[in-house]
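Structure first, commentary second.
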């Protein structure tokens, strides 16, 4: 691949990933009052970059399908993700990525690994449900633990939990999703890390605040402990899926955790209408990824 094109695709991929996904953790820290937006962005960017460096190599699109070159489906992924980011729709990169690979395989008449595809789709369905129950369990445990802490130490305890879970979540999301799409680039190596870091920083600091509002303030109203429960449960499942190389549907897992945490007490506020719109956005973005990638391959092949 031409080096200029490689640098451009690497930078754009990092920006769009951060634009659409750093908001999940930036919103968590800001809406809970743990940190201001600026410091939440810096913390999230560093966490994401570290996750990509240490565990991003575990993701490999060749487990799903084998292409001579992944550049065309990658371009399709970036276009669909750009559209969703502009519209402030927090979609899943893994959904769009898998959809684009399927569309490309249909256009080129290449066989997809049916077993791996089935496992991936099942993870998208089961992981959010598991996160709902896991976040409720974690919340109950954190509540019991908080009762054992003196009042003067409770503020420090709460902030420590929020920072720890936010770091772990941003770390695993980057390792899984950004690692998956960057592995599609032939010629991708650690020499491109500075470009990736700049891209993550640009996406998080300039563009993510609007999506932060959608996730953090409009879907559910959470206390700091409920927020931590949702982050930790989502992060644990993301990390497990990363270890076996499955592209995790990050928004489904995260939003499942938010809903589960909100339901962990008798008093909760959930925007059901927005929740339904998010589900529809996942389906629509998946179909758009398949169709756009198919058309793009037909035109360029």
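The values are calculated or read from the model by the stated rules, or taken from the named source; none is laboratory data. If you're wondering where the values come from, they're calculated on a predicted model, not measured in any experiment. As a convention, Cβ positions derive from the backbone with ideal geometry for all residues, glycine included, and neighbour counts pool all protein chains shown.
Selection of segment 43-77 for residues being without any contact (Cβ under 8 Å) to a residue 12 or more places away in the chain and farther than 30 Å from residue 118 by Cα yields only 46. On the basis of being assigned to a helix (DSSP H, G or I) and at negative phi, does residue 67 make the cut? So residue 67 fails the test. For segment 119-136, the tally of residues that are touching a residue at least 60 places away in the same chain (Cβ under 8 Å) and within 13 Å of residue 234 (Cα to Cα) stands at 12. Of all residues in segment 155-180, those being buried (at least 20 other Cβ atoms within 10 Å of the Cβ) and over 12 Å from the mean Cα position of the chain (by Cα) number 7. For residues that are farther than 13 Å from residue 231 by Cα and touching a helix residue (DSSP H, G or I) at 6+ places or on another chain (Cβ under 7 Å), scanning just segment 113-129, find the one that is surrounded by the most Cβ atoms within 10 Å (Cβ to Cβ). Of everything passing the filter in segment 113-129, 127 is surrounded by the most Cβ atoms within 10 Å (Cβ to Cβ). Listed conditions (1) in contact (Cβ under 8 Å) with a residue 60 or more places away in the chain; (2) more than 20 Å from the chain's Cα centre (by Cα); (3) under 21 Å from residue 287 (Cβ atoms) are all met by residue 109, apart from (1). Would segment 30-38 turn up any residue that is over 19 Å from residue 196 (Cα atoms), in contact (Cβ under 8 Å) with a residue 24 or more places away in the chain, within 14 Å of the chain's Cα centre (by Cα) and not in a helix (DSSP H, G or I)? Looking for residues that are over 19 Å from residue 196 (Cα atoms), in contact (Cβ under 8 Å) with a residue 24 or more places away in the chain, within 14 Å of the chain's Cα centre (by Cα) and not in a helix (DSSP H, G or I), one finds none in segment 30-38, hence no.
Considering only residues that are surrounded by fewer than 22 Cβ atoms within 10 Å (Cβ to Cβ) and not in a loop (DSSP other than H, G, I, E, B), which ones fall in segment 77-104? 78, 79, 82, 83, 86, 102, listed by residue number.
I'd like to verify a number: residues in segment 248-294 that are modelled with pLDDT of 80 or more and closer than 15 Å to residue 169 by Cβ, how many? Residues flagged as modelled with pLDDT of 80 or more and closer than 15 Å to residue 169 by Cβ within segment 248-294 amount to 2. The condition of being out of contact with any strand residue (DSSP E or B) (no Cβ under 7 Å at 6 or more places or on another chain), assigned to a helix (DSSP H, G or I), modelled with pLDDT under 70 and closer than 22 Å to residue 15 by Cα holds for only one of 216, 199, that being 216.
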